[in-house]
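For reference, the structure discussed in these notes is given below.
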Protein chains: 4
Amino acid sequence: METISCNNQTDVKITIPSLVSLKKKQEATIVKVNGVEVGGSEVIIFAGPCAVESMEQLFETAGAVKTGGAKILRGGAFKPRSSPYSFQGLGEEGLKLLSQIRKETGLPIVTEAMDTRQLEIVAKYADMIQIGSRSMQNYSLLKEVGKCGMPVLLKRGMMATIEEFLFAAEYILNHGNEQLILCERGIRTFETSTRNTLDLSAVPMLKNLSHLPVIVDPSHGTGLRWMVPAMAKAAVAVGADGLIMEVHYKPEEALCDGQQSLRPDEFNNLIIELRKVAGAVGRKIS
Amino acid sequence: METISCNNQTDVKITIPSLVSLKKKQEATIVKVNGVEVGGSEVIIFAGPCAVESMEQLFETAGAVKTGGAKILRGGAFKPRSSPYSFQGLGEEGLKLLSQIRKETGLPIVTEAMDTRQLEIVAKYADMIQIGSRSMQNYSLLKEVGKCGMPVLLKRGMMATIEEFLFAAEYILNHGNEQLILCERGIRTFETSTRNTLDLSAVPMLKNLSHLPVIVDPSHGTGLRWMVPAMAKAAVAVGADGLIMEVHYKPEEALCDGQQSLRPDEFNNLIIELRKVAGAVGRKIS
Amino acid sequence: METISCNNQTDVKITIPSLVSLKKKQEATIVKVNGVEVGGSEVIIFAGPCAVESMEQLFETAGAVKTGGAKILRGGAFKPRSSPYSFQGLGEEGLKLLSQIRKETGLPIVTEAMDTRQLEIVAKYADMIQIGSRSMQNYSLLKEVGKCGMPVLLKRGMMATIEEFLFAAEYILNHGNEQLILCERGIRTFETSTRNTLDLSAVPMLKNLSHLPVIVDPSHGTGLRWMVPAMAKAAVAVGADGLIMEVHYKPEEALCDGQQSLRPDEFNNLIIELRKVAGAVGRKIS
Amino acid sequence: METISCNNQTDVKITIPSLVSLKKKQEATIVKVNGVEVGGSEVIIFAGPCAVESMEQLFETAGAVKTGGAKILRGGAFKPRSSPYSFQGLGEEGLKLLSQIRKETGLPIVTEAMDTRQLEIVAKYADMIQIGSRSMQNYSLLKEVGKCGMPVLLKRGMMATIEEFLFAAEYILNHGNEQLILCERGIRTFETSTRNTLDLSAVPMLKNLSHLPVIVDPSHGTGLRWMVPAMAKAAVAVGADGLIMEVHYKPEEALCDGQQSLRPDEFNNLIIELRKVAGAVGRKIS
């Protein structure tokens, strides 16, 4: 049987597929991103700019987040934008900048591939492939990252149920790849004061149903810089295995999502506070 | 300026891009699908099975819908399925069956391409490319269909706003392709008694904002065979330029979406009723 | 057993209570509002201003809607407003104006009671009690209107499922009152270009599950005057037993909801078009 | 001017009314419930059964939550139930039991009034009036609790925006009552694995816009006993001024919401963990 009803313990009436299920595999999966382990006792910080814009921007921002405590650098070279008239990313040029910065900082790189053709190029430069929210049900892409042999970060679709999210993850596992991290990044609801509604209950729900690590993106989840610290603390308290946050050395000049990007000093201060919360729930941030 | 505020007449506070806008181009766009015109005074019926399954199934169903009044045949060869364990479609073999049936019935074919690589194969066989709901924000794919020179059917994402829908359409137009039909197919809401909530207000809204034709899919919009006729009549009354409906000669044996597929006799009877409604609102179904 | 699973024919997995159920009572309920029958072959038009503002406004508007074809006059004396600083209605003074207009026009009156204490006053003047969207789960009020012996118009809560709507109706029936009309008036979704999303699939769904008449409110359902005619036609086509629409003799001066109120001439023209649609689906508007 | 645009600092485009606004009154409001202060540095725990069922149930549960660390006892005597066939609460008999338990334990009582007539009875026995989620826009009730001179707990409607929530609160303040606590209790979204989606971003949002205290209800917010601890920790980390949780001495025998009620030992253990989280964010639970 390929799908199984969920744990009685959870009182949840959903059916999930077998490879992602905690019933099938009881121990937590540890995902290794160029030496960094996600899914263990440490809460891992992913940080960096929304989009790669220039060497200077990337160098300044990457240096700052490394100092602050980030273990993995995020940054987009191919950007999914609602408008064809918005900045679409630097493409392969951006990937090259990311790879140079990795050399200088030692930080592994996670960056998005938006379709099967981009996947080949992205895989040449990145340490981890990000599948974005709008691509969560791009099944052609899921099958290909399932075969690519690299760690994958799968973001929840803004309209995806927990059940659909785990079925999307199953596509990757059943094509051969278990090095997969799930990411809650906010869902679309009727509420408009925040960009999305960050569904923190997804963290305990996913961890009760699946062995895969779960991280949280409070930047896209709120769309508001000033709200990121509060939601980041809540995400650590609720049991997330990591956080992915947008940081920019000059947010007011950012080509993408500046209003939700932390400044380096805000990021530094936040990590100090997050260490206390992590300690309070038996985790740590090194 | 690349985006424009919407018509005062509409009292709607949204900003839409310029190429799709009725402000930029006042006359309605007519999309021609191998001789069939969509967007004129006639309401065009697209019908056929959810997925191509076999020659027999396709032959029986296509014959029935042609007799009933359908002008364009639908049928999926590549199927986006929530579970990797569900039937994924016959692939190129299915496209070949579709192309044989076109020869026999003369009906133009619309079928889905799920990613940029499939697009090349699908374009060899089809008369019109469908971009499915889950792909509405697959920007790589939108750019490619914008360049492909064929008519395109763009389905609204199940959680896409009208504004996002028109921005997705703009990607296709600004890559050179104005032969584009928009399709309302139901949105995701809190209501669960229907598969989706068919948002018929999208039809007058889109037609007030854009020059592009708009059709409605009451099959996915409800998920319930018995409800399709009522919603199809409402869609014609509200001003849709066409309907796309799932029909299967043996719904209880369908490999996909049988519970929302009409039987041939139900389809025939429905078209007879739809002709009356079309007449009542100054349209016709030939 | 007090609740029953719904009809197999409907393929819908919901449980509904017994008194409202079509399984329990197969013939359609006809609700009589001071001689006007709702639920038979005729589609009944309810029309009038959002709020009663003055004798002149009510007189001019009531006369116009009667001429146009309305059979029941709507108008609020007690208004539920989001802000305490908005016009709250004329209260009992408004009810007196409504009762005078009834004498002059012969039109029965439907008006809202917002709580149990208002119910007594409203019942003295009105022919039918409206329970508004925000009160659909005001169970104290539902029990009282269940005992009041007058026809009731129950509007669907903007956040209520079909199942919850029918359970709310059951409160009224099981307190002794079967003279109940259900009203779909738009639900809250992520879409913001319309005030609400008018869920027309609620009409066939409710009529498949229950024997109660169902009407539609395209004014609140869209919030946009120019969109009301298209959605009103769709509502008749989908099978509604009536329509309730806001009409104001001078919408730009309305104290409440002017932007969604039809002008008298727009209302007249709409009814002419609605008669054609009603005829096309085997109904009539006299 | 009666409404003001929100703080620039928040980057949020909403308009809120003046009395609730942090612009109008910069210091945080402290609400005093029979000696217990909510809104200061201490995080206050409200706990108790969903419904008052019997003296034994109330005595056992109240004793346990007091020992565990609760400062205010919750329990419903009038219950808003979706079905007329469900347990509707003990009514005034339940209020008497609550008042006896207050004498024995010294815990102040918060309990719901569902309409204006119940308000008089409830006010005789309770220390704080709860306005439930379904009543958030019962404006008659809001006006009356605004005049009643007692502390009020206002729960967010399950489909109310932040803006609507603050306008509902304004009704209470502008009728003379500033002793008001806001409660986030989960909103309705498309996700069905949890009973509601607990919107923890509402806490920092409300505290940035208003001077009123904000508490969180993780019991209704999740509907799942096993998930309450994780979400309670997150609520404290995000900055809530208190938590309201359902506890029952024998959840499997509860007449209402047993599946989301903590057992006394689970409650005790949770408070121990919550104290650590409170400490990590500069708060305390005594």
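The values are calculated or read from the model by the stated rules, or taken from the named source; none is laboratory data. Note that the structure is predicted; figures quoted are calculated from it, not measured. Here Cβ is always computed from backbone atoms with ideal geometry, including for glycine, and neighbour counts include all displayed protein chains.
Going by what's in this entry, would A:Ala240 be described as crowded, with 21+ Cβ neighbours inside 10 Å, of a type in the set (Gly, Ala, Ser) and part of a loop (DSSP other than H, G, I, E, B)? Steps first, answer last, please.
Working: crowded, with 21+ Cβ neighbours inside 10 Å: yes; of a type in the set (Gly, Ala, Ser): yes; part of a loop (DSSP other than H, G, I, E, B): yes.
Yes: the conditions hold for A:Ala240.
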Worksheet item: Is it fair to say B:Ser41 is in contact with a Lys or Arg (Cβ under 8 Å, 6 or more places away or on another chain), modelled with pLDDT of 95 or more and more than 30 Å from A:Ser82 (Cβ to Cβ)?
Response: yes
Response to the item:
Note on the stretch D:122-143: residues part of a helix (DSSP H, G or I) and either within 12 Å of another protein chain (Cβ to nearest Cβ) or crowded, with 22+ Cβ neighbours inside 10 Å (or both) are D:Val122, D:Ser133, D:Arg134, D:Ser135, D:Tyr139, D:Ser140, D:Leu141, D:Leu142, D:Lys143
Worksheet item: Pick from A:Lys207, A:Lys233: which is surrounded by fewer than 23 Cβ atoms within 10 Å (Cβ to Cβ), farther than 26 Å from C:Ile187 by Cβ and either touching a helix residue (DSSP H, G or I) at 6+ places or on another chain (Cβ under 6 Å) or not β-branched (Val, Ile, Thr) (or both)?
Response: A:Lys207
Worksheet item: Based on what the data block shows, is C:Lys276 surrounded by 24 or more Cβ atoms within 10 Å (Cβ to Cβ) and within 7 Å of chain B (Cβ to nearest Cβ)?
Response: no
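Could you tell me whether the stretch C:94-104 includes any residue that is closer than 30 Å to C:Gly282 by Cα, touching a residue at least 12 places away in the same chain (Cβ under 8 Å) and touching a Leu at 6+ places or on another chain (Cβ under 8 Å)?
no
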Worksheet item: When C:Glu56 is evaluated against the numbered criteria (1) without any contact (Cβ under 8 Å) to a residue 40 or more places away in the chain; (2) within 18 Å of the chain's Cα centre (by Cα); (3) away from every other protein chain (no Cβ under 14 Å), which criterion, by number, is the only one it fails?
Response: (2)
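So how many residues does the stretch C:194-212 have that are part of a loop (DSSP other than H, G, I, E, B) and either within 12 Å of another protein chain (Cβ to nearest Cβ) or over 24 Å from B:Arg195 (Cα atoms) (or both)?
Residues flagged as part of a loop (DSSP other than H, G, I, E, B) and either within 12 Å of another protein chain (Cβ to nearest Cβ) or over 24 Å from B:Arg195 (Cα atoms) (or both) within the stretch C:194-212 amount to 7.
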Discussion item. Where the second residue is surrounded by 14 or more Cβ atoms within 10 Å (Cβ to Cβ) and not charged (D, E, K, R) and the first is on the phi > 0 side of the Ramachandran plot and lies in the stretch D:23-36, which pairs have Cβ atoms under 9 Å and are six or more apart or on separate chains?
Written reply: D:Asn34/D:Ile72; D:Asn34/D:Leu107; D:Asn34/D:Pro108; D:Asn34/D:Ile109; D:Asn34/D:Met128; D:Asn34/D:Pro151; D:Gly35/D:Pro108
Worksheet item: (1) within 30 Å of B:Leu274 (Cα to Cα); (2) modelled with pLDDT of 95 or more; (3) in contact with a helix residue (DSSP H, G or I) (Cβ under 9 Å, 6 or more places away or on another chain): which one isn't true of B:Leu19, the others all being true?
Response: (1)
Discussion item. Taking the condition of being of a type in the set (Phe, Trp, Tyr) and out of contact with any Pro (no Cβ under 6 Å at 6 or more places or on another chain), how many residues in the stretch C:120-166 meet it?
Written reply: 2
Worksheet item: Just for the stretch D:26-35: of the residues that are out of contact with any strand residue (DSSP E or B) (no Cβ under 6 Å at 6 or more places or on another chain) and surrounded by 14 or more Cβ atoms within 10 Å (Cβ to Cβ), which one is nearest to D:Pro108 (Cα to Cα)?
Response: D:Asn34
Worksheet item: Could you say whether any residue in the stretch A:200-217 is under 28 Å from D:Arg283 (Cβ atoms), of a type in the set (Asp, Glu) and within 14 Å of the chain's Cα centre (by Cα)?
Response: yes
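Only residues that are over 20 Å from B:Leu119 (Cβ atoms) and within 14 Å of another protein chain (Cβ to nearest Cβ): list them for the stretch A:111-121, please.
A:Glu112
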Discussion item. Out of A:Gly239, A:Gly186, I need the residue that is closer than 22 Å to A:Ile45 by Cβ and within 14 Å of chain B (Cβ to nearest Cβ). Which one?
Written reply: A:Gly186
Item to complete: Among the residues of the stretch C:103-118, write down those that are over 20 Å from C:Lys71 (Cα atoms) and within 17 Å of the chain's Cα centre (by Cα).
Response: C:Ala113, C:Met114
Worksheet item: Hey, does the stretch D:150-165 have a residue that's outside any loop (DSSP other than H, G, I, E, B), facing chain C (nearest Cβ under 9 Å) and of a type outside the set (D, E, K, R)?
Response: no
Discussion item. Condition check: within 25 Å of C:Ala202 (Cβ to Cβ) and crowded, with 19+ Cβ neighbours inside 10 Å. Does C:Gly89 satisfy that?
Written reply: no
Worksheet item: Quick one: C:His175 ticks every box in (1) within 14 Å of chain B (Cβ to nearest Cβ); (2) without any contact (Cβ under 8 Å) to a residue 40 or more places away in the chain; (3) in contact with a helix residue (DSSP H, G or I) (Cβ under 9 Å, 6 or more places away or on another chain) bar one, so which box is it?
Response: (1)
Practice prompt. Output the number of residues of the stretch B:172-193 satisfying the condition of being farther than 21 Å from B:Val31 by Cβ and assigned to a strand (DSSP E or B).
Written response: 1
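Residue-wise test of (1) more than 14 Å from chain C (Cβ to nearest Cβ); (2) in contact with a Gly (Cβ under 9 Å, 6 or more places away or on another chain); (3) under 25 Å from D:Val36 (Cβ atoms); (4) buried (at least 22 other Cβ atoms within 10 Å of the Cβ).
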| residue | (1), (2), (3), (4) |
| --- | --- |
| D:Gly68 | yes, no, yes, no |
| D:Arg81 | no, yes, no, no |
| D:Ile101 | yes, yes, yes, yes |
| D:Glu104 | yes, yes, yes, no |
| D:Ile109 | yes, yes, yes, yes |
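For the stretch B:227-286, give me each residue that is acidic (Asp, Glu) and touching a residue at least 40 places away in the same chain (Cβ under 8 Å).
B:Asp241, B:Glu246, B:Asp257, B:Glu266, B:Glu273 - these are the residues of the stretch B:227-286 that are acidic (Asp, Glu) and touching a residue at least 40 places away in the same chain (Cβ under 8 Å).
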Discussion item. Quick test of your reading of the structure: B:Met245 fulfils all but one of (1) more than 11 Å from chain C (Cβ to nearest Cβ); (2) in contact with a helix residue (DSSP H, G or I) (Cβ under 6 Å, 6 or more places away or on another chain); (3) in a helix (DSSP H, G or I). Name the failing condition by number.
Written reply: (3)
Worksheet item: So C:Thr222 clears everything in (1) surrounded by fewer than 20 Cβ atoms within 10 Å (Cβ to Cβ); (2) closer than 26 Å to C:Glu60 by Cα; (3) of a type in the set (Val, Ile, Thr); (4) at the interface with chain B (Cβ under 9 Å from one of its Cβ atoms) except one condition, right? Which one?
Response: (1)
Practice prompt. State all residues of the stretch D:225-235 that are facing another protein chain (nearest Cβ under 7 Å) and under 19 Å from A:Thr222 (Cα atoms); if no residue qualifies, say none.
Written response: D:Met231, D:Ala234
